[in-house]
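First the structure, in the form of structure tokens, and then the observations on it.
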């Protein structure tokens, strides 16, 4: 056996690949392939390839097969690992949580293979004297690590911090009494194994859900700390007792040398590669089908046809026999390609993913066939993009793929079975699964539009069609309801047959995407990864971090090509966005909250809407958690169904005029920025800066649009919640700033632009309430869209205070009838909904937000209003009277107060 180990040691001579190379050479013949000219080594020279993915970026020829990839730095460059090395035959990840994430992303098994040590190098050095209390060997770039190292040096001045390699590292550790580690990104790093192997007691920060406790016995083989007190106590305890130091150090060294060496890791890699090499090859008949179902989709007018994955040429030969045409085949299996050359005009013996785009001239073919090919490709998008380059503008793409939504597959899965076969729906060579919807999305991303979709029915379809259909189907114990007839039929499709044509593409230029972060790393990861995986347009990512301490900055810096601006403290949303606007270079700019997940085709659809007319300056999508008309019902129960839900909305394009867009996902032209300027920084933390920005854009002559067919998921207020910032307080304070900025001359204009829809009016009657009216109005003002106040004869400053706070004040002479006064206030309300309250009431932020959410939610047509509880505290401590009132009603003429006193709106 001969193994080619691919890694680059030109930048770092102590890279993981060096240690693995030594371990492999003790077992099999192994050559080191640097990613230079040696990368073109012919596959005949090597039986297996192993790539060490250690943060460096280089291309790997696809003919390096079979191959394994060991992803070392997924915690620093997860997306790069996915795009560069995700098509390996066997994939390992050094971090346990990233092994799971990679498996989820790639849809294939990823094995956890932790870092290790080399006992020949990492070992106690005889004769070295313990001169340092604590030793840390490694880089000190991270601010978080610098903080802890400074703490260490301050409390234990006899410590040593520095860089050392190989034998010098072992000497450095041998001169110390305690080995210190701090994992910046929650990773199980190599330092842990090096310290343990050198016989020092390892003291490291606690890691969560990354498998450290599976590698070492915490407390007896290594020690972990969570805070400054923990760290100080552990080190003092070790320094005070030599016997305790020896006990932990010896146990750690035994564990490292017996379980965690690079020899152990090499054995795992070789065993997995042998499994791959031992798979049974495809039988010759696998390539011998002429596919009449596919042939029927090939236009009779096609004269130049490319058959990708042509097998032995049966399909192409049948087409050549039925119409005048020239058929070129692509087939990677040499034996099948040799047979195809006897019946086709030309055959290229390579995988389509290995072919350069200039293999064929642009628009060389008027029909390209991919029959049962895409499911075998790690990157089907790039293969389809090549086909788009080779296909004429009016040409036809013909595709067949197995239907992963087939009832037999689902029923087996429901029983815990997913058994691969040598051919069929679960072919053991399949690396992708497709349904009709997923195929539509794939074609869209490759700039094709599906023209026709047919099914090849399985054996149960005829019997199913003869049964009465009730919208429910059942396969064994699996029952699926609320289906249309077309959806139900899809479960009986064995194959999906599709034709597609190239769709026109408009180049909108560069889009700058600005994302502000303040901790919440988990949300930020999901947001960024959705942008990177579901955006096909040219973008630049600009991150502004407001002082995160949870590893967010390190993650952002690992995003390839991104611009990262760092603030030492939380400057707030508007100031941070303005920092991003100053460096943005795009023709248009997208503000995106870090708690959003974007969906397939999101940006292109929004760009099309933005440039639909020259006066459209801003556009936003709809979402599940946002105020106003942009909020719609969440038609999915989990994030796994999100993209499909959003895709189905895309089929019904609609752009709606609006006078307000929420800034969670806001796209605008650069011309808006030029005319209007940046965000108003007086709103700082967040809330109302987007209302103000929209208002200024409208005043500058721009139109606003809602793309109701574009859906972006929004968790909502993740930063507020995570940082413990009161959303209610921020809204109340910024609402006051907003109304002060836009009144009095522009107040009506502001009120017209800013409200969420449906509009809600406050209706209230007052008289001589100057001591309490301000607190009442300020408590409700952030949650309503207009405030109607009817004054029944005040002689104090009550009307003036209400006007100052933005209310519309109307005079109504007191006629000894509360219902008459209240109905007068209802008469002036313009909102779709009316909320009434007394002048001595207040509503806290939590209840105000719930009130707003209730108004923004979906209401049954038969619902005229809502009953709410009013809590009336007594003068006696702890005594409260609770009264039920109809407090929120639709604005209808038939809904009015009754009774002169104790007035009420009574449900009928």
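When you work out D = kT/(6 pi eta Rh) for the stretch 468-534 at 4 °C and 1.567 mPa s, using the Kirkwood radius from C-alpha pairs as Rh and the Stokes-Einstein form, the result is 74 µm²/s. Each peptide in 588-598, 668-678 was scored by the mean count of other Cβ atoms within 10 Å over its residues; highest first, the order is 588-598, 668-678. In terms of the mean number of neighbouring beta-carbon atoms within 10 Å, the peptides 188-194, 536-542, 490-496, 500-506 order highest first as 188-194, 490-496, 536-542, 500-506.
Secondary-structure-derived ellipticity at 222 nm for the chain, considering helices only, amounts to -10000 deg cm²/dmol, per-run term -39500 (n - 2.57) for DSSP H runs with n ≥ 4.
Based on alpha carbons, the Rg and Dmax found for the stretch 197-243 are 11.1, 32 Å.
Projected label points at residue 832 and residue 854, each 7 Å from Cα along the beta carbon direction, are separated by 1.7 nanometres.
Entry for the stretch 325-434 at q = 0.20, 0.23 Å⁻¹: log10 I(q)/I(0) = -1.12, -1.33, Debye formula applied to identical alpha-carbon scatterers, no solvent contribution. Assuming a ≥ b ≥ c are the square roots of the Cα gyration tensor eigenvalues, decide whether the stretch 816-889 counts as rounded (a/c under 1.5), prolate (otherwise, with a/b larger than b/c) or oblate. The shape class here is oblate. The alpha carbons of the stretch 797-845 occupy a box of 33, 29, 20 Å along the principal axes, longest dimension given first. Based on alpha-carbon atoms, the Kirkwood radius and the radius of gyration of the stretch 511-727 give Rg/Rh equal to 0.93. The orientation-averaged projected area of the convex hull spanned by the Cα atoms of the stretch 132-258 comes to 6.9 nm². Expressed in Å, the radius of gyration and Dmax of the Cα atoms of the stretch 97-144 are 18.4, 52.
Translational diffusion of the stretch 624-670, estimated by Stokes-Einstein from the Kirkwood radius over alpha carbon pairs at 25 °C in a medium of 0.890 mPa s, is 194 µm² per second. Specify the angular offset, from 0 to 90 degrees and rounded to the nearest 10, of the alpha carbon long axis of helix 16-25 from the longest principal axis of the alpha carbons in the chain. For 16-25 against the chain, the angle is about 30 degrees. Sorting 202-213, 306-317 by average packing, meaning the other beta carbons within 10 Å per residue, from highest down gives 306-317, 202-213. Rounded to the nearest 10 degrees, the inclination of helix 818-828 to the longest alpha-carbon principal axis of the chain is 50 degrees. Computed on the Cα trace of the stretch 287-502, the radius of gyration divided by the Kirkwood hydrodynamic radius gives Rg/Rh = 0.99. If I take R0 = 56 Å and measure r between the Cβ atoms of residue 611 and residue 2 in this structure, what FRET efficiency does the formula 1/(1 + (r/R0)^6) give, to the nearest 0.05? So, using R0 = 56 Å, E works out to roughly 0.50.
More than 27 angstrom separation, counting every C-alpha pair in the stretch 758-890; what % is that? Everything past 27 Å amounts to 19 percent. Between the beta carbons of residue 247 and residue 31, assuming R0 = 60 Å, the FRET efficiency works out to 0.90 to the nearest 0.05. Spin-label model, residue 226 to residue 569: label points 7 Å out along the Cα-to-beta-carbon direction sit 3.0 nm apart. Beyond 20 Å, how much of the Cα-Cα pair distribution for the stretch 636-721 remains, as a whole percent? Beyond 20 Å sits 47 percent of the P(r) for the stretch 636-721. For the chain, the orientation-averaged shadow of the C-alpha convex hull comes to 47.6 nm² (one quarter of the hull surface).
No lab work stands behind these numbers, since they all come straight from the coordinates. The structure displayed is predicted, hence computed values, not measured ones. All Cβ positions, glycine included, derive from the backbone under ideal geometry; neighbour counts span all protein chains shown.
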